[in-house]
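The block underneath contains the structure these notes are about, expressed in structure tokens.
The values are calculated or read from the model by the stated rules, or taken from the named source; none is laboratory data. Please read all numbers here as calculations on a predicted model, not as lab measurements. Please note: Cβ atoms are built from the backbone with ideal geometry, for glycine as well, and neighbour counts cover all protein chains shown. Each accessible area value is taken on the protein alone, full model and side chains, heavy atoms only, with ligands, DNA and RNA left out. Shrake-Rupley method; radii C 1.70, N 1.55, O 1.52, S 1.80 Å.
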Amino acid sequence: MKLLARFAVLLPFAFSVHAEEPVLGGPCEGCENVFIGMPSELSSEARIAPADAAGDPMQISGVVRDQVGNPVPGVIVYAYSTNSAGIYPEDTANHTRHGAYRGWVKTGDDGSFLMHTIRPGHYPKTDIPEHVHMHVIEPGCGTYYVDDMVFLDDPLLTEKEKLAREKRPRGGQGMIRAMLLMGTWYAIRDITLGENIPGYHCKK
């Protein structure tokens, strides 16, 4: 945390929220990476994988809501994933363990966001389903991870794992039925702030 504070002083343009923003919801391995390399200006639309990345194009859209269903503007959603081969490409710019396929959006007035990327691959030689890691940053309150986005058509997503994910989804349900239209996958990952996040205390 002290190291992050030093980076915030040395590279203020890379941080749009304080690096000291606390982690909520229990231990979070690598959560400090959500702040590293964050653009100083964010919009409700961003890119995770480069436009020329190999693999099937995918759009991830969603709405961030509070626990009574109201859309919430100004919330930062951070996501990262592997490439289509299931590998995290090296992040030569920031050297984070999350790899180079990463991006941030800030929800608009209607709570919505849109991310452009590719559909990730499975980790090589594992039975782990394809997934996109997702985090929420509520400025002035904290950051926490929400359930990974996984795909219901993925043969590696077992019935046992589906049942486990259905019980207490973090930040809303992450199991997505993506649609393939004209070569592009479309996935909707809505987020409910604080849902099943231990110790959540952010006030709106």
Counting Lys and Arg as +1 and Asp and Glu as -1 over every other residue whose Cβ sits under 10 Å from the Cβ of GLY111, the net charge comes to -3
With 0.36 nm assigned to each residue of separation and the Cα-Cα distance removed, MET182 to HIS95 gains 27.8 nm
Segment 131-193 and segment 56-103 have their Cα centres apart by a whole-number Å value of 11
Dipole check, segment 67-152, charges on Cβ (K,R +1; D,E -1), about Cα centroid: among PHE113, PRO73, TYR101 the Cα furthest to the positive pole belongs to TYR101
Given unit charges at Cβ for Lys, Arg (+) and Asp, Glu (-), the dipole magnitude of the chain about its Cα centre in debye, nearest 20, is 320
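May I ask you to derive the FRET efficiency for LEU152 and LEU114 from their Cβ-Cβ distance with R0 = 25 Å, giving the value to the nearest 0.05?
Approximately 0.75, to the nearest 0.05.
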In Å², rounded to a whole number, the accessible area per residue of the chain with probe 1.4 Å is 51
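Could you tally the net charge around MET38, taking each other residue with its Cβ under 12 Å from the Cβ of MET38, Lys/Arg +1 and Asp/Glu -1? Can you show the working numbers first?
Working: positive: ARG102, LYS106; negative: GLU21, GLU32, GLU41.
Spelling it out: positives minus negatives among the neighbours equals -1.
Summing +1 for each Lys or Arg and -1 for each Asp or Glu, what net charge is found among the other residues whose Cβ lies under 15 Å from the Cβ of TYR101?
Result for the local shell: -2.
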For segment 100-140, shape from the Cα gyration tensor axes a ≥ b ≥ c, cut at a/c of 1.5 then a/b versus b/c, turns out prolate
Its Cα gyration tensor gives segment 85-187 an equivalent ellipsoid whose semi-axes in whole Å, largest first, are 22, 19, 16
Output ordering of 102-111, 37-46 (per-residue mean of other Cβ within 10 Å, highest first) is 102-111, 37-46
Burial-style ranking of 155-161, 184-190, average other-beta-carbon count within 10 Å with highest first, yields 184-190, 155-161
